[in-house]
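Remarks on the structure that follows.
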């Protein structure tokens, strides 16, 4: 399957927002938005986050939009927050704080995968 991306970058004060769209399962368009507060959003961090969050559709195919927010605190700590908007549920949220941005992304992805898996199982069990 060939992935098609569309990308838009917007600078709003101290925040940089990069929005990408991906055509997922069954041709459904899913939006991925990556933003940073009080830090520079490098291409390496953005690409890493894009690659990781695009895999979240494996856990629940009703995902419509994924928002990744990077924030740097005063003492060098980073906060990574994931917000996933999906069908049949309000927004899922997972956040992680730590010294390494990439490690925070990995942990927040793990938390989100667990939330999406649990929700999908709940939907399956309610249909029986």
Exercise. Can residue 2 be described as closer than 24 Å to residue 71 by Cα and either surrounded by 15 or more Cβ atoms within 10 Å (Cβ to Cβ) or at pLDDT below 60 (or both)?
Worked result: no
For this session: Determine, yes or no, whether residue 18 is touching a strand residue (DSSP E or B) at 6+ places or on another chain (Cβ under 6 Å), modelled with pLDDT under 90 and loosely packed, with under 13 Cβ neighbours inside 10 Å.
Result: no
For this session: Scan the range 25-71 residue by residue and report those that are in a helix (DSSP H, G or I) and closer than 13 Å to residue 112 by Cβ.
Result: 49, 52, 53, 54, 55, 56, 57, 58
For this session: Output the residues belonging to the range 38-53 that are crowded, with 18+ Cβ neighbours inside 10 Å and without any contact (Cβ under 8 Å) to a residue 40 or more places away in the chain.
Result: 41, 46, 50
For this session: Could you tell me which residue of the range 84-128 is modelled with the highest pLDDT, considering only residues that are assigned to a strand (DSSP E or B) and exposed (fewer than 12 other Cβ atoms within 10 Å of the Cβ)?
Result: 91
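The values are calculated or read from the model by the stated rules, or taken from the named source; none is laboratory data. Worth saying up front: this structure is predicted, and the values here are computed from it rather than measured. Positions of Cβ are backbone-derived with ideal geometry, glycine not excepted, and every protein chain shown enters the neighbour counts.
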